[in-house]
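The values are calculated or read from the model by the stated rules, or taken from the named source; none is laboratory data. Please read all numbers here as calculations on a predicted model, not as lab measurements. Note that each Cβ is placed from the backbone with ideal geometry, even for glycine, and that neighbours are counted across all protein chains shown. Ligands, DNA and RNA are stripped out before the accessible areas are found, and what is left, the full protein with its side chains, is counted by its heavy atoms. Shrake-Rupley method; radii C 1.70, N 1.55, O 1.52, S 1.80 Å.
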Amino acid sequence: MSDKGPLIGRGKKTSSIQSAQESGSLEQEDVYLGRLDHALLLHLQIDSERSKNNPQELALLSQTAGLQVDEIITGKRPKPDPATFIGSGKIEEIRQKLRYYEAGLVVFDHDLTPIQERNLSRVLQARIIDRTGLILDIFAQRARSHEGQLQVELAQLERLATRLVRGWTHLERQKGGIGLRGPGETQLETDRRLLSKRVKLLKDRLEKVRKSHRVQRNSRQKAGLLRVSLVGYTNAGKSTLFNRLTHAKAYVADQLFATLDTTTRRVYVDGVGQMVLSDTVGFIQHLPHTLVAAFKATLDETIESDLLLHVVDAADKNRELHQQSVNEVLKEIGADHIPQILVLNKIDQLAQWQAGLIRGPYGTIDEVHVSAMNGQGMEFIRQAFVERINALTHNEDTSITQDNDLILDYGNQNTKLDRSA
């Protein structure tokens, strides 16, 4: 999505636009008057929604996708309009600002139906992208491994399949083709058949990947290796922490969804021995269900873990909401029963915080405060490993000498975490 300079008349067609045309959300005759790398963001508050999206997160997602954000437009409605999601007044406001900025895209912070996308693109003469489409586009850019590319393509095609249900007139005409269509088969029917065939092929290939991963996990289990996975909200610092603990060189960047592929390393921890540590894909609020289903081969590593390190960006003011979003995804994939250690990362960005750990009511380590960037608090993660893993393997209480200068404890009010930061 990086077209340079204003696009007059018909906008340049990118791969994501071609996908939209195939899905029926845009027709061939749609015209774009603005630049397709410049976008307006639409954040609408719906009264009936319990969970609210963060408009700044939508801006970060858009920038990660390579878009220039010209303005964030906000609004409020009791419920979405079934035809255009927004009202006529907001449509006119967006139309004027599209012309002012010479922008060719409008990104919605909600999921849109195919008919809403089509109506909006026609009346605004702009490319319309919803939240799921934006996240899928980012995943398509980030997928590096063959497995990741297969999973992203599967998610895109399954989303596309839902948008072929309501085909437009240009898909309903009968067409012929040697070896492709049967007598009287319409273009829409052909698209559905080819799509279904490709989805089946991708699922078969991913099932082989899952079987391969399963064999590897069984081998580790037979060797008595415990499995620990890092989970957390995207950009919480999981890969940086993984590199710090394993001395690996996993890709790290200050951006959303920098890592899509699971990286696994065998590490040795004093008092525990050998174990397997995995860095997994980051989660996000309202993660599309199509992505969760498509990334099952990757998420299996999390589901089969013995212990989870739930990494949270301590410097983010929305950390509690992010923590809740991650737990919701873990519940969706069936990993909510796995024991967790909460790791509050990036304490180097908070002057009043210090490295340490918090024990729960039963004396177990529930929370660790660290900075993966500069290495503060790594000894507390290792201590948590020793206590938790020994408890898992031996099912007995462990006694570790506590240093009151280092360990934060609920009973010590002088060192209790200040959560107002």
Legend entry - Residue count for segment 325-367, restricted to those that are of a type in the set (S, T, N, Q), open to solvent by 20 Å² or more (accessible area, probe 1.4 Å) and not in a loop (DSSP other than H, G, I, E, B): 3
Legend entry - Neighbours by Cβ (under 9 Å, 6+ apart or cross-chain): first from segment 95-116, among the basic types (Lys, Arg); second open to solvent by 20 Å² or more (accessible area, probe 1.4 Å): Arg95/Val123; Arg95/Gln125; Lys97/Asp70; Lys97/Glu71; Arg99/Leu33
Inset, instruction - Tally the residues that are within 13 Å of Glu71 (Cβ to Cβ) and either of a type outside the set (A, V, I, L, M, F, W, C) or open to solvent by 70 Å² or more (accessible area, probe 1.4 Å) (or both), restricting the search to segment 100-111. - result: 3
Inset, instruction - Would you tally the residues in segment 268-302 being within 17 Å of Leu150 (Cα to Cα), among the hydroxyl-bearing types (Ser, Thr, Tyr) and open to solvent by 10 Å² or more (accessible area, probe 1.4 Å)? - result: 1
Legend entry - Segments classed as helices (runs of 4 or more DSSP H), wholly inside segment 158-271, with at least 3 members that are at pLDDT 65 or above: 187-222, 238-246
Inset, instruction - Give the residue that is farthest from Asp348 (Cα to Cα), with candidates limited to residues of segment 368-390 that are open to solvent by less than 40 Å² (accessible area, probe 1.4 Å) and in contact with an Asp or Glu (Cβ under 8 Å, 6 or more places away or on another chain). - result: Asn390
Legend entry - So Leu120, is it farther than 27 Å from Thr234 by Cβ, more than 17 Å from the chain's Cα centre (by Cα) and buried (at least 17 other Cβ atoms within 10 Å of the Cβ): yes
Inset, instruction - Return only the number of the condition from (1) assigned to a helix (DSSP H, G or I); (2) under 18 Å from Gly237 (Cα atoms); (3) touching a residue at least 60 places away in the same chain (Cβ under 8 Å) that Leu308 does not satisfy. - result: (1)
Inset, instruction - Looking only at segment 65-87, decide whether some residue is open to solvent by less than 60 Å² (accessible area, probe 1.4 Å) and under 17 Å from the mean Cα position of the chain (by Cα). - result: yes
